[in-house]
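*Asks:* Take a look at the following structure, please.
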Amino acid sequence: MSIALPGSPESDSLTHSCTRLFHDRSCALARPLPPRLGDPYAASETDRIARLEEILLTVPHVMRILEAIRSMDLPDAWLVSGGIYQTVWNVMTGRPHFHGMKDFDVIYFAGTDLSYEAEDAVITRVNALLPDLASLLEVRNQARVHLWYEQRFGRPYRPLDCSMDSLTTYAARTHAVAARLDRQGRLVVNAPFGLANLFLACGLCLITGSRTGKPTWRRPGA
């Protein structure tokens with residue numbers, strides 16, 4: 001058995017390794033990694049839904065949006081996509097709630113009136129309920145998306161059957177998530193492809209900044 005004597009290169013190397021190991025473990029303990037919710041086999045969909053609900057319930061402006069939607073009694077109305085998945089990523093990575101938030105998509109399905117004027121009236125009502133968030137709200141009647149989509153994006157869009165039908169058309173499965181409050185105020189989540197991709201995309205990595213030496217959080221590829 002060899003022994004590293006104090007002051008020797010071997011001792012210095014061992015001390016550095018132990019210090020680094022202690023630092024890494026301390027950082028990890030200071031901010032525990034989340035459960036393996038992105039692994040379809042390591043957690044159940046029930047676990048993922050519970051974690052998603054837990055996160056959304058702690059974010060005041062998300063709850064205000066959900067409460068506003070419920071109070072208006074819009075048909076088949078949901079908060080979808082970035083307002084949910086970006087919120088989850090921000091909470092799980094310790095970022096500000098509005099970090100990377102492009103908009104909050106509020107969708108509903110009113111097939112009896114496909115006019116722009118009817119949709120615009122709903123937009124005005126939602127904005128009036130949430131004036132401080134109005135610039136970030138995007139309210140759309142999913143029953144009429146096919147009327148304008150091709151002109152705006154250059155490709156056809158089939159008529160939808162309901163609001164949740166729209167989730168199957170999103171560019172990524174991560175985006176296909178919706179939430180609303182039922183009449184009893186309980187949170188309802190809908191994710192046609194499941195939530196594993198949402199949590200997998202979060203894929204937190206704890207790294208040490210090369211210049212500052214301070215631990216920072218990022219998603220792989222971010």
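The values are calculated or read from the model by the stated rules, or taken from the named source; none is laboratory data. Keep in mind it's a predicted model, so treat the numbers as computed, not measured. So basically every Cβ, Gly included, is an ideal-geometry build from the backbone, and we count neighbours across all protein chains shown. For the accessible areas, the whole protein counts, side chains as well, though only heavy atoms, and no ligand, DNA or RNA atoms are used. Shrake-Rupley method; radii C 1.70, N 1.55, O 1.52, S 1.80 Å.
*Asks:* Modelling each spin label as a point 7 Å along the Cα-to-Cβ direction, I'd like the GLU53/ARG36 distance in nm, to one decimal.
*Replies:* 2.5 nm
*Asks:* Where the Cα atoms of the stretch 153-196 are projected onto their three principal axes, how long is each span, largest first, in whole Å?
*Replies:* Over the stretch 153-196, Cα extents along the principal axes are 41, 24, 14 Å.
*Asks:* Where only protein heavy atoms count, and the probe is 1.4 Å, what is the accessible area per residue for the stretch 104-145 in Å²?
*Replies:* Numbers: 1930 Å² over 42 residues.
Averaged over the residues of the stretch 104-145, the accessible area is 46 Å².
*Asks:* Across 10 Å bins from the origin, how do the percents of Cα pairs in the stretch 110-188 run, short distances first?
*Replies:* That works out to 16, 38, 41, 6, 0, in percent per bin.
*Asks:* Take the Cβ-Cβ distance between LEU129 and ALA172 as r, set R0 to 35 Å, and report the resulting FRET efficiency rounded to the nearest 0.05.
*Replies:* Using R0 = 35 Å, I get an efficiency of 0.75.
*Asks:* Okay, moving on. Taking a spot 7 Å from the Cα of ARG95 along the direction of its beta carbon, which residues of the stretch 121-141 have an amide N less than 17 Å from it?
*Replies:* Correct set: none at all.
*Asks:* If you don't mind, another one. Distance in nm between label sites at LEU187 and GLU67, each 7 Å beyond Cα in the beta-carbon direction?
*Replies:* According to this spin-label approximation, the distance is 1.5 nm.
*Asks:* Using +1 at the Cβ of each Lys and Arg and -1 at the Cβ of each Asp and Glu in the stretch 112-197, identify which of LEU195, TYR116, SER166 lies farthest towards the dipole's positive end.
*Replies:* The residue sitting most towards the positive pole is LEU195.
*Asks:* Whenever you get a sec, compute what percent of the accessible area on the stretch 70-169 sits on carbon and sulfur atoms (1.4 Å probe).
*Replies:* Carbon and sulfur: 52 percent of the exposed surface of the stretch 70-169.
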